[in-house]
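Data block below; observations after.
Nothing in this text is a laboratory measurement; each read-out follows from the coordinates by a stated rule. Predicted model, so just to flag it, every value in this text is computed and none were measured. For neighbour counting, all protein chains shown are included, and Cβ atoms are generated from backbone atoms with ideal geometry for every residue, glycine included.
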Amino acid sequence: MYSPKREHSPQLELAEVTRLKRDAKVRIECCDNIGFMRGLADESVQLVVTSPPYNIGKSYEKRTSLERYVEGQAQVIAECVRLLAPSGSICWQIGNHIGDDGEVFPLDIVLYPIFKQHGMKLRNRIVWHFEHGLHCTKRLSGRHETILWMTKSDDYIFDVDPIRVPAKYPQKKHFKGPRRGELSGNPMGKNPSDVWVIPNVKSNHVEKTAHPCQFPVELVERLVLSMTRPNDVVLDPYMGVGSTAVAAIMHGRTALGCDISSGYVEIAWDRVHSWRAGTLRTRPMNRPVYDPTLPLGGHGA
Ligand SMILES: C[S@@+](CC[C@H](N)C(=O)[O-])C[C@H]1O[C@@H](n2cnc3c(N)ncnc32)[C@H](O)[C@@H]1O
């Protein structure tokens, strides 16, 4: 946790007070993530979910060499590992860095060795498939990104039940053996697999804010529900407009996060309060992707 000295210092400037927003379940701050994380205690976080800049020159990042980018990521990852509880998980949601000559560098492959240097173990490389984006002319259009799910130990929290999805053939039965005739699938649904089809947050998505690259709340909900327990601490060191914080409080977890943009932190804080007031619109987990060939897009009555 933050050192008491820092929290209660009489020297605390007004600007510092306003950039730090907190209550019993949420603590978010406008600052650089290394400074934010240095104030937190070892092994105090159950889950880190984040999507760092991809070094592609977005408004919130400064494009640099791939080597320098990786060095910066290594520092942030080292702090996340220090903060992680022994049963905890890090979910690093990432896409491609594109070189000046158009060469593609998949950042999960580039960053994976950093996690391995810390002894972390990969449990899944989750493929997030979305159906919209830029149309490329010199290569196939990119329609997926990945989440590296790494754990600190072999004794990690994972519960698939809260994130089961409807079975494809729920009436399927065992056709031989002692359980012949009984339903063969889990009545609660099936494991959602490591390929997640979830729309990205573009202009007509209900969660869209001023941020150019937010991830959908439902994507984080799956991670929070399966990898943490109520009241556990969930951290996002590149918090943007607080999608991770919203997913965490939706399910009774504690949210920590920071972003260098004060505008994004303000939006994040607003979203947290809108959620509590019951006015924040989020796309529900497991809603089928809109299919224009079906009545009502396949969303039912
Ligand atoms: C890909 S966006 C994350 C968006 C977020 N997942 C959401 O749903 O809103 C990356 C964010 O990292 C922030 N950022 C970049 N460098 C940072 C740093 N050193 N410390 C904290 N935040 C940083 C940017 O301002 C940007 O909002």
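Could you look through the range 226-243, keep only residues that are away from the ligand (no atom under 14 Å from the Cβ) and of a type in the set (Val, Ile, Thr), and pick out the one that is surrounded by the fewest Cβ atoms within 10 Å (Cβ to Cβ)?
Per the stated criteria, the residue is VAL233.
Looking at the range 203-219, which of its residues are in a loop (DSSP other than H, G, I, E, B), touching a Ser or Thr at 6+ places or on another chain (Cβ under 9 Å), within 13 Å of the ligand (Cβ to nearest atom) and of a type in the set (A, V, I, L, M, F, W, C)?
CYS213, PHE215
Anything in the range 268-286 that is in contact with a Leu (Cβ under 9 Å, 6 or more places away or on another chain) and in a loop (DSSP other than H, G, I, E, B)? List them, or say none.
MET285
Tally the residues that are surrounded by 19 or more Cβ atoms within 10 Å (Cβ to Cβ) and within 12 Å of the ligand (Cβ to nearest atom), restricting the search to the range 31-47.
The number of residues fulfilling the criteria is 3.
Yes or no: the range 59-78 includes at least one residue that is over 19 Å from PHE36 (Cβ atoms), out of contact with any helix residue (DSSP H, G or I) (no Cβ under 9 Å at 6 or more places or on another chain), among the aromatic types (Phe, Trp, Tyr) and assigned to a helix (DSSP H, G or I).
No, the range 59-78 contains no residue that is over 19 Å from PHE36 (Cβ atoms), out of contact with any helix residue (DSSP H, G or I) (no Cβ under 9 Å at 6 or more places or on another chain), among the aromatic types (Phe, Trp, Tyr) and assigned to a helix (DSSP H, G or I).
Please return the ranges of strands (runs of 3 or more DSSP E) entirely within the range 119-202 where 1 or more residues are more than 19 Å from GLY95 (Cβ to Cβ).
Those strands (runs of 3 or more DSSP E) span 121-129, 144-151.
Condition test on TYR60, is it surrounded by 14 or more Cβ atoms within 10 Å (Cβ to Cβ), within 12 Å of the ligand (Cβ to nearest atom), touching a residue at least 12 places away in the same chain (Cβ under 8 Å) and farther than 22 Å from PRO113 by Cα?
yes
Out of the residues in the range 267-301 that are exposed (fewer than 12 other Cβ atoms within 10 Å of the Cβ) and either among the small types (Gly, Ala, Ser) or touching a Cys at 6+ places or on another chain (Cβ under 8 Å) (or both), which is nearest to ASP23 (Cα to Cα)?
Out of the qualifying residues, it is ALA277.
Within the range 225-252, how many residues are closer than 17 Å to GLY88 by Cβ and not in a loop (DSSP other than H, G, I, E, B)?
10
Only residues that are of a type outside the set (A, V, I, L, M), part of a strand (DSSP E or B) and within 12 Å of the ligand (Cβ to nearest atom): list them for the range 89-105, please.
CYS91, TRP92, GLN93, listed by residue number.
Going through the range 190-225 one residue at a time, which ones are surrounded by 21 or more Cβ atoms within 10 Å (Cβ to Cβ) and under 22 Å from PRO170 (Cα atoms)?
Once the filter is applied, which keeps residues that are surrounded by 21 or more Cβ atoms within 10 Å (Cβ to Cβ) and under 22 Å from PRO170 (Cα atoms), the range 190-225 yields only ARG222.
If you check PRO86, PRO53, which single one turns out to be part of a loop (DSSP other than H, G, I, E, B) and either out of contact with any strand residue (DSSP E or B) (no Cβ under 7 Å at 6 or more places or on another chain) or without any contact (Cβ under 8 Å) to a residue 60 or more places away in the chain (or both)?
Going through PRO86, PRO53 in turn, the sole match is PRO53.
Of the conditions (1) farther than 24 Å from GLY39 by Cα; (2) in contact (Cβ under 8 Å) with a residue 60 or more places away in the chain; (3) touching an Asp or Glu at 6+ places or on another chain (Cβ under 7 Å); (4) within 14 Å of the ligand (Cβ to nearest atom), ILE260 fails just one. Which one is it?
So ILE260 meets the others, but not (1).
Only one of these conditions is not met by TRP196: (1) under 25 Å from VAL76 (Cα atoms); (2) within 16 Å of the ligand (Cβ to nearest atom); (3) in contact with a strand residue (DSSP E or B) (Cβ under 7 Å, 6 or more places away or on another chain). Which number is it?
The single condition TRP196 does not satisfy is (1).
Please go through the range 246-296 and give me each residue that is farther than 28 Å from LYS58 by Cα, of a type in the set (Val, Ile, Thr) and under 18 Å from the mean Cα position of the chain (by Cα), ordered by number.
Result: ILE249, THR254.
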